[in-house]
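Asker: After the structure tokens below, expect a handful of questions from me.
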Amino acid sequence: MAQGTATASEPAHLTINGERLWAALMELARIGAYDDPATGLAGVNRQSLTGEDAEGRRLLVRWMEEAGLQVSVDEMGTIFGRREGAAAGLAPVMAGSHVDSVGTAGAFDGCLGVLGALEVVRSLNERGIVTRRPLVIAAFTEEEGVRFGTDMLGSAVAAGRLTLEYAYDLVDAAGLRFGDELERIGFKGERPVRLDPPHAYVECHIEQGPVLLHEDLAIGVVTGVQAISWQRITVQGRAAHAGTTPTDLRVDAGLAAAQIVLKVREMVDSGRYGRLRATVGLITTSPGLPSVVPDRAELTVDLRNPDDAHMAAAERDLAAFLDALPESQPAPGLGIDTQRMAKTHQVPFDERIQDEIAAAAADLGFDTIRLMSGAGHDAQEMAAITPTAMVFVRGQYDGISHNPREYSTPEDCTAGITVLAHTLLRLTEEEDD
Ligand code: GLV
Ligand code: MN
Ligand code: MN
């Protein structure tokens, strides 16, 4: 680490290197890049614990080491990079996010938070600024949940909501175990997974929605994350010949799956569950042949709601619908099985940290609004153990995300990470734990 006599009492002068930040985002996005046929763009597929994820992780570790950080990896594969502070014995301030991606990602989701925190460290090093508290960058494992079925996995185990055993025993669609895959890619670390609470946690992330774009603002202060419910529903029917089987004798798993898709949409449209969002993102039928009535269907239901009571009502009513579905079929014999994948309650962020972010942004001349996050984030897990809040950065194209069209401008990324830097400098100077 570059050492100098400067201290963080001059944060007003800290600028970050936006070009270097952008170059890092683009270089990481080359790992797992693929030609996306739907958009004609280059997308990113760097799902957790794949060879691509391992390559991205190795690059990150190299960059952290080159920046003088002390790197450690925990039992969940989460990577930490620590920059020492001037005062002994004070808890660090942590900033981070994730570098795993969905299968159809862009360059920014998660990566902006991790590489942005790295850019803050690189800028501090160049200026020879030594903060009072240590600064730790975290890149949490399997935030997306697309491969092993539970999102925010690394941070949830680190914060104690889920156990290591639960995580290790999750399997992907091919039946590969999380614990085995972690070992295979060489990132099963020794650091005990339960985190000692840092002094504070701040995550910068793209908004992944249209609000900031419509408000014509580069930066938002995040007030919390809405409730998330994921379940896998397996429908068991009876296979039969498509041409010869009378309709009233069929137990059609595909039909029942379609009824579930329509039901969740009706629930949204009813207005009875507040601002419910419902998505069936995965449906498969078996045997998957044009001339055979499906004997089995598998689908996922993703529900989101900013209000826990509305979410509970939606889950209860969906469960009642599923219970009654076999009775409503033309013939008896339909079976329905549900499996919980992920569930988190609405999480409010710490108001003091929100105020610090807003003040840092105001000092830098940015107007901000406060908004709730529609997507899940590692910050919602960290909020259970330490004062936490997030900085949102405006996205383009209605804030589309989980898609190769995802895009935030270099200027907006620089703005977000400059706000992150100044927030971290405020927090690292605080004395009391
Ligand atoms: C995380 O990306 C989520 O699906 O909310
Ligand atoms: Mn993310
Ligand atoms: Mn995501």
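Asker: Select, from GLY376, GLY399, the only residue that is in contact with a Lys or Arg (Cβ under 9 Å, 6 or more places away or on another chain) and modelled with pLDDT of 95 or more. It would help to see each step written out before you state the result.
Answerer: Numbers: GLY399 fails: in contact with a Lys or Arg (Cβ under 9 Å, 6 or more places away or on another chain).
The conditions single out GLY376.
Asker: Being away from ligand 1 (no atom under 15 Å from the Cβ), assigned by TED's automatic domain parsing to the domain that holds ASP302 and out of contact with any Pro (no Cβ under 9 Å at 6 or more places or on another chain) is true for just one of ASP412, ASP355, ASP367, ASP337. Which residue is that?
Answerer: After ruling out the rest, the residue left standing is ASP337.
Asker: Of these, THR150, THR131, which one is on the phi < 0 side of the Ramachandran plot, touching a strand residue (DSSP E or B) at 6+ places or on another chain (Cβ under 6 Å) and among the β-branched types (Val, Ile, Thr)?
Answerer: THR150
Asker: Now for a different question. Of all residues in region 109-133 being among the acidic types (Asp, Glu) and under 16 Å from THR418 (Cα atoms), which is nearest to the chain's Cα centre (by Cα)?
Answerer: Of everything passing the filter in region 109-133, GLU119 is nearest to the chain's Cα centre (by Cα).
Asker: For residues that are of a type in the set (Val, Ile, Thr) and farther than 28 Å from MET311 by Cβ, scanning just region 244-291, find the one that is surrounded by the fewest Cβ atoms within 10 Å (Cβ to Cβ).
Answerer: Residue satisfying both the conditions and the ranking: THR244.
Asker: Which ones in region 404-432 are closer than 30 Å to ALA38 by Cα, open to solvent by 40 Å² or more (accessible area, probe 1.4 Å) and in a loop (DSSP other than H, G, I, E, B)?
Answerer: Correct list: ARG405, TYR407.
Asker: Select from region 140-174 the residues that are under 26 Å from ASN403 (Cα atoms) and away from ligand 3 (no atom under 16 Å from the Cβ) and write down the one among them that is surrounded by the fewest Cβ atoms within 10 Å (Cβ to Cβ).
Answerer: ALA174
Asker: Please enumerate the residues belonging to region 175-184 that are touching a Gly at 6+ places or on another chain (Cβ under 7 Å) and surrounded by fewer than 19 Cβ atoms within 10 Å (Cβ to Cβ).
Answerer: Correct list: empty.
Asker: Sticking with this one: Quick check on this structure: which one of GLY365, GLY333, GLY288 is free of Cβ contacts under 8 Å to residues at least 40 places away in the same chain, over 25 Å from LEU162 (Cα atoms) and more than 30 Å from the chain's Cα centre (by Cα)? Even if it seems obvious, please write down each step before you answer.
Answerer: On the way: GLY365 fails: more than 30 Å from the chain's Cα centre (by Cα); GLY333 fails: free of Cβ contacts under 8 Å to residues at least 40 places away in the same chain.
Exactly one of GLY365, GLY333, GLY288 is free of Cβ contacts under 8 Å to residues at least 40 places away in the same chain, over 25 Å from LEU162 (Cα atoms) and more than 30 Å from the chain's Cα centre (by Cα), namely GLY288.
Asker: Only residues in region 199-215 that are in contact (Cβ under 8 Å) with a residue 24 or more places away in the chain count as the first member; pair them with residues that are open to solvent by 10 Å² or more (accessible area, probe 1.4 Å) and within 16 Å of ligand 1 (Cβ to nearest atom), Cβ under 6 angstrom, at least 6 apart or cross-chain, and list the lot.
Answerer: The qualifying pairs are GLN208/ALA375; GLN208/SER401; GLY209/GLY374; VAL211/LEU371.
Asker: So GLU27 clears everything in (1) without any contact (Cβ under 8 Å) to a residue 40 or more places away in the chain; (2) at positive phi except one condition, right? Which one?
Answerer: (2)
The values are calculated or read from the model by the stated rules, or taken from the named source; none is laboratory data. Everything quoted here is computed from the prediction, not taken from an experiment. Heads up, the Cβs are rebuilt from the backbone with ideal geometry, glycines too, and the neighbour counts pull from every protein chain shown. Areas reflect the complete protein model, heavy atoms only, side chains present, ligands, DNA and RNA absent. Shrake-Rupley method; radii C 1.70, N 1.55, O 1.52, S 1.80 Å.
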